[in-house]
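Following: one structure in structure tokens, then a few remarks.
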Amino acid sequence: MANSTLKNVRFAGMASCVPKRIVSNLTDCRPQIRAERARLVRNIGIETRRMAPDWQCFSDLAFEATEKLLESLAWQREEIDALIVVTQSPDYPIPATAIILQDRLGLPHTTIAFDVNLGCSAYPFGIHLLGSMISAGGIKKGILLVGDRSASLDDPIFSDAGTATALEFDENAAPMYFDLNSDGSGYRAIILPVGGQREPVGVQHLIPHRSDENDHWHRGTDLILDGPAVLSFSTQRIPPAVEKLLAYANTGKEEVDYFIFHQANRMINETIRKKLGLPVDKVPSTLHDFGNSSGASLPITMTARINKELESGTKRVVLSGFGIGLSWGTALVDITNAKFPDLIEA
């Protein structure tokens, strides 16, 4: 879409929740691949991740984050006009997870609740979607839930998390600026090819097979990620998108307090930072400790690294999510007197 501006929308607060279990890419793997994992950790920068137990869903993490956020804001549940869930890890194929959480959270029947299927770029897209509803004037307070459950011991990249963000109508709020884009020609770069109506799950998809000489095993139901394609896409698309948004908002890089990027891997994120000429202290990272938590990586990074700074005064923040789709979105948001509880472990 073309650049857009949302007015009368205030970023009121955010809370993030991760599983208690910490898995190590160096030790929680088969002994025969530990040397390879050590090289991988040096390259991608991910040493530990959070992994949910079998019984715990993304919605459980998002529920805990929402409960803490509502407590911090002192919002009444009957005030919540909208609940939007952006995830690729729903409780069930149908019904929508947002509908289930509306009841579980004790929100009124008047609360608009629905799901959106989006991953790495989920956060800026979700902020724009909920913010647009609020900016239109009919909704006064809303909650955005973003995250996924995608961690496994076999994959060294992904981590589990659930986050909750509160937006509200405020005539005095600074404008929010957005640049949102999609390129479906690259949809195969990150894909779970089996399980939808195009190719339903069959017995043959559940049988693991050795995929290469490094003793990697694969099933038809596993995610396929084209690393070189994702690297090329991310490093070529994101720097000009950030520059374009700042020009649209008439804002210099020196006026931005923090640049929060999707936590993809060290090579991608460092290339983006260097292309934009950004100092390290303006680009917080959680890759080493939390890995790639899909759409939740932006709020996880804000919570785990700079939540105290974001609670004090006004901070101008660039939020940039990119990946599956392919899709990429960037937002420029002023955060003033918002609530940012410490990271929750559940």
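Computed values, structure above
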| read-out | value |
| --- | --- |
| Stretchable slack from Ile22 to Leu231, in nm (0.36 nm times residue separation minus alpha-carbon distance) | 72.6 nm |
| Lys, Arg +1 and Asp, Glu -1 on Cβ, resulting dipole of the chain about Cα centre, debye, nearest 20 | 680 debye |
| Calculated [θ] (222 nm, deg cm²/dmol) that DSSP helices of n ≥ 4 give over the chain, each run adding -39,500 (n - 2.57) | -9000 deg cm²/dmol |
| Per DSSP, loop chymotrypsin sites (Phe, Trp or Tyr not before Pro) in region 115-204 with at most 11 further Cβ within 10 Å | none |
| Relative contact order (percent, whole number), region 2-97, Cα cutoff 8 Å, 6+ residue spacing | 31 percent |
| Estimated dipole of region 1-40 in Debye, rounded to 20 [Cβ of Lys and Arg +1, of Asp and Glu -1, Cα centre] | 60 debye |
| At most 15 other Cβ within 10 Å, DSSP loop - trypsin sites (Lys or Arg not before Pro), region 204-299 | Arg219 |
| Euclidean distance of C-alpha centroids, region 23-39 and region 91-145, integer Å | 38 Å |
| Cα-derived Rg to Rh of the chain, Kirkwood definition | 0.95 |
| Test item: Cα-centred dipole of region 93-210, Lys/Arg +1 and Asp/Glu -1 on Cβ, debye | 260 debye |
| Crossing angle, helix 297-311 versus the chain [Cα axis fit, 0-90 degrees, rounded to tens] | 40 degrees |
| Cα Rg, Dmax, region 227-302, angstrom units | 12.3, 35 |
| Hz values of 3J(HN,Hα) by residue in region 232-238 - Karplus curve (6.51, -1.76, 1.60), Gly and Pro given as x | 4, 4, 5, 6, 8, 8, 6 |
| Residue order, fewest to most beta carbons within 10 Å, for Leu332, Leu225 | Leu225, Leu332 |
| Burial ranking of peptide ranges 117-123, 62-68 (average Cβ count within 10 Å, highest at the top) | 117-123, 62-68 |
| Candidates Thr235, Thr163, Thr301: whichever shows maximal mean-square fluctuation once the chain is modelled as a Gaussian network with Cα springs under 10 Å | Thr235 |
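None of the figures in this text is laboratory data; all of them are computed from the coordinates on show. Please read all numbers here as calculations on a predicted model, not as lab measurements. Quick reminder, even Gly has a Cβ in these numbers, built from the backbone with ideal geometry, and neighbours come from all protein chains shown.
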